[in-house]
Structures are given as C-alpha cells and as structure tokens.
C-alpha cells in the first residue's frame, strides 16, 4: 500500500484543497482483497471540520433515488475516483468510477459525509455510503472514516477489488456555491481548508489504514513538506 497527499495551493495562512490517494496491491501479483474500511488521518491545525464547506446537507434517500443532481449545490465538498481490478477469464480489466462527496445531515457531535460512486463498465454500479469526520490524537487533527460496501463482480466471480482511491476536499474549479444577497443569487467558490500560519515541525503528516474483506489491514504514512515561503492573507 502507498499513500500520497497534497495541499493545493500550499501557502501558510491561506485556504487550500486537501487531496489524498492510496494505491493497493495484492500479494504475489494477485488482486487485493476487496476494500471495506478507509481511515485517513490529517495533520494538526488543519481545520477540515471548520472549513466553510458543506453549508447545506444532502439526504441519503434522495441521493440514492435521484443521484448527485438531487443534492443542494452548497452540500458539495469534493470529488474523487476509485479504480477497481476485475478478472474476466484469464484477463484483468480495470474500471474507474467517479466519486462525489457531499455533506450528510447533521448528527450530534460529528460531521457526516456521503460518498456517491458511479461506475458503468464492465461492472455497472451506483453506490451511496457514509463517512464521518472524527477527532484524533496528536500529531493529527482528525480522521476521515469511510465504510465501503462490498460490490459484487461478474456472476460467480469475487467481489470487486479496489486498487486505487483518490479524493480531494476543497474548492476545486468545479465547485460553486450560491447565496441570496439583496434579492440576487450570487455564485462563488466556497472557502477551503485554512492552513495554519506556521508549519508543523517536519511538515504536514498524513496516515491511512485500510481494512479488507478477508480481515486484513494495511497502513501507510506520508508527509507534505513545509512550503519554502508564504505570505499570510487575511481571511474574509
């Protein structure tokens, strides 16, 4: 397993988009066991839960019934992709699915997330599953915990095995929010995750632990280096 992370842009005192990706490999060239749990720890002083993302929430039932278009624009928090390895006879095929991340309805003491996954071929699937932002012990601020449902593969074949997963949380160029001001609807990019004014010693540390259908686990860590220089911008 390999973990990668990125902060874009990476300027202290500025808002940023947080990205992470994991690559999963099986033993002896075989496909890994199907993925069931993802836990990604993000660095201290990275206020993901206080980012200004997800002013609205999306109801799971509406998302399951009508897809991403049913969710309020102000509930959109990020995007991602998931790549699966699917054996068909002696050949291995790879399928990439699109992931959309929404804010879930509020639960006491936690920030909930919804993940909407769409894949078409060779396995057609549309999934909605939950995630949650939790606190974590130093040197981390918190974690993103995701429960991944098992996806049946082809008839009489194994469940689908995820080999790559990549996600971003933050105001990418594709995310717009809307606000009514003096009778007019304004469109704008939401604020991102605010970076601290100073870099943690050694850089911004990330860690991930994955759980699999066969009961095994895999862990990895990575660090985003401190930027060489930055200038603080006032947050509005």
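A short reminder: the numbers here are calculations on the coordinates, not readings from a lab. Since this is a predicted model, take the numbers as computed values, not measurements. Virtual Cβ from ideal backbone geometry, glycine too; neighbours counted across all protein chains shown.
Taking 0.36 nm per residue of separation and subtracting the Cα-Cα distance, full extension of the segment from residue 25 to residue 93 would add 23.0 nm.
Restricting the calculation to Cα atoms, the stretch 7-127 shows an Rg/Rh of 1.02 when the hydrodynamic-style radius is the Kirkwood one. By the count of other C-beta atoms within 10 Å, a proxy for reagent exposure, 194, 165 are ordered fewest to most as 194, 165.
Contact order, relative form, for the stretch 42-132: 23 percent (alpha carbon pairs under 8 Å, 6 or more residues apart, mean separation divided by residue count). Set the Cα radius of gyration of the chain against 2.2 N^0.38 Å, with N its number of residues, and you get 1.06.
Computed over the stretch 148-236, the Cα gyration tensor eigenvalues convert (square root of 5λ each) into semi-axes of 37, 26, 9 Å, ordered from largest to smallest. Sketch the reach of a paramagnetic label on residue 8 as a point 7 Å from Cα along Cα-to-Cβ, and name the residues of the stretch 14-45 whose backbone nitrogen lies under 15 Å away. So the set is 16-22. Round to the nearest 0.05 the FRET efficiency obtained for residue 69 and residue 197 when R0 = 35 Å and r is the Cβ-Cβ distance. After rounding, the FRET efficiency stands at 0.35. The relative contact order of the chain comes to 32 percent, based on Cα pairs under 8 Å that sit 6 or more residues apart.
Packing order of peptides 81-87, 204-210, highest average first: 204-210, 81-87 (average count of other Cβ atoms within 10 Å over each peptide's residues).
Over what distance in Å are the Cα centres of the stretch 1-63 and the stretch 133-190 separated? Going from one Cα centre to the other spans 7 Å.
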